[in-house]
Amino acid sequence: MSDENRRMWSELGLNLRAHDQLLSVLSNAYQDIYLSQQNRPESTSYFDDVMSEIHGQRIQELMREKQQGRKIVGSYCVFVPEEIVQAANATLVGLCSGADFAEEEVEKYLPRNTCSLIKSSLGFKLGRVCPFLEGSDMIVGENTCDGKKKFYETLSDLVPNMYVMDLPQMKSQQGRQMLRSEFYRFLEAMQDLTGFQVDATALRNGIRMVNEKRKAIHRLQSLRTADPAPISGLDALLANQIFLYEDPRRFAREVHKICDELEQRIERGEGVFPANAPRILVSGCPMAVPNWKVPHIVESAGAVIVGEESCVGERGNRNTTEEEGESLEELMEAVVDRYFGIDCAIFTPNPDRTEHILDMAKRYRADGVIHYGLQFCQPYLMESFGVEKSLEDKGIPVLRLETDYSQEDSGQLQTRVEAFLELLK
Ligand code: BJ8
């Protein structure tokens, strides 16, 4: 750990002792889960580099951007339009929400029956261990599920720079109208934050930059349709996790390099797992770094995860934004259209998500689907029943899991996953 990093963390107000502990746990988990994988493509060393510097080099870069006058915007949800953030001369980063932290403190603010993702988001703030959060000039919350809505009220008392975006709950004309007006309000807020007036050229450039990283991950995802799968689900998940805070240009470049290697592997018929390994689609709640518990259990049991129907996965990145508009207004409409297509479970009704899961199961040639629900997450747990029925109607086996960020249920999950994989053979 360089002195430069420690100085930076201290300037950001991190609790250095707690942060050291966090990095040590993270590094051990990465060693055990990622570096122990067999047959990894060599170019995935990019992920190792990014992860070893997760709170180091990337934060240094963001701090340099700030010195040069750019602003940093933190977010907890894929509804925050990165195109607008980029266009306004700012950088969007996903905020820490993938591990339990400061649990006792968190329960002084939130009821015990709150999902792990929300508890984690608050824990990272109370523990002062997320440099992305402490370095952000604006933190954007979004009115999605009830838990998040109320959490942002709590968070706004703890940070000086909270902005809350309202979101529709129905895919109606009025719903789209609401998203549109919220995106215009956000555009103004971004312009106020950065002092930069967004015009059509700036927004088009923002759209192109974000599209480029989406295209790279689309290429990676399409290569996972091959049998045997050329990359593990764990590594593909990591790509989707890094997608949310890594430098967009570097991300696109490096992921294309990985894809070049994967194409060669496919030509040679090489996979990470044997060709007869059960192919699993994971669907449900997002998995932020370092939430690797379920994928690790699944792949340690000999199956390969071939797709993620998740916001840290295809739900979050599947559509690109139309780049062709001439005026700022036309381009803003394209941005609204793109985000209005996200089929988060906060929407009612939400048939698009089920369609998407069925489509993914077919495209990725999945033998079975694991529905991943976080305990106390009403939207996804409730939808899981309908999802299960739709898949079973098509003859696709489903395992519904409900878990949290602790390791306490690992043994039980492992038993259930192994029994499910037995069934698929
Ligand atoms: S667009 S999925 S990132 S809201 S797990 S906090 S839903 S109780 S994360 Fe999400 Fe945006 Fe939707 Fe995606 Fe609530 Fe459920 Fe917790 Fe959740």
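Figures for the structure shown
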{"item": "Two-site label geometry, Glu4 and Arg185: point separation in nm, points 7 Å out along Cα→Cβ", "result": "4.2 nm"}
{"item": "Neighbour-limited loop hits for GluC sites (Glu not before Pro), the range 88-188 (at most 15 other Cβ within 10 Å; DSSP other than H, G, I, E, B)", "result": "Glu107"}
{"item": "Around Arg17: net Lys/Arg minus Asp/Glu count, Cβ-Cβ under 12 Å", "result": "+1"}
{"item": "Nearest-0.05 FRET efficiency for Thr154 and Glu418, computed from C-beta distance (R0 45 Å)", "result": "0.70"}
{"item": "Convex hull of the range 293-383 built on C-alpha atoms - directionally averaged projected area, nm²", "result": "7.5 nm²"}
{"item": "Surrounding net charge for Val255, when Lys and Arg each add one and Asp and Glu each subtract one, Cβ distance under 9 Å", "result": "+3"}
{"item": "Cα lying deepest toward the dipole's positive end in the range 3-173, options Val73, Asn15, Pro131, charges on Cβ", "result": "Val73"}
{"item": "Dipole in debye (nearest 20) - the chain, about Cα centre, beta carbon charges: Lys, Arg +1; Asp, Glu -1", "result": "140 debye"}
{"item": "FRET efficiency, 1/(1 + (r/R0)^6) with R0 41 Å, evaluated for Asp199 and Gln264 via beta carbons", "result": "0.45"}
{"item": "Rounded, prolate or oblate (a/c below 1.5 giving rounded, otherwise prolate when a/b exceeds b/c) for the chain by Cα gyration tensor", "result": "rounded"}
{"item": "The range 118-146 residues near the modelled Glu107 label - backbone nitrogen below 20 Å, point 7 Å along Cα→Cβ", "result": "118-128"}
{"item": "Extended-chain gain in nm, criterion 0.36 nm per residue less alpha-carbon gap, Gln21 and Lys215", "result": "66.2 nm"}
{"item": "Under 10 Å, Cβ to Cβ, from Asp404 - net charge with Lys/Arg +1 and Asp/Glu -1", "result": "-2"}
{"item": "Estimated FRET transfer efficiency when R0 is 35 angstrom, pair Ser172-Gln67 (beta carbons, to 0.05)", "result": "0.20"}
{"item": "Residue exposure sequence - His55, His356 - by fewest surrounding Cβ within 10 Å", "result": "His356, His55"}
{"item": "Dipole moment magnitude, nearest 20 debye, the range 261-396 about Cα centre, only Lys, Arg, Asp, Glu C-beta charged", "result": "940 debye"}
{"item": "Net charge dipole size for the range 3-173 [Lys, Arg +1 and Asp, Glu -1 on Cβ; Debye, nearest 20]", "result": "320 debye"}
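Coordinate-derived values only; no laboratory data. Everything numeric here is computed off the predicted structure, so don't read it as measured data. Glycine also receives a Cβ, built like all others from the backbone with ideal geometry; neighbour counts cover every protein chain displayed.
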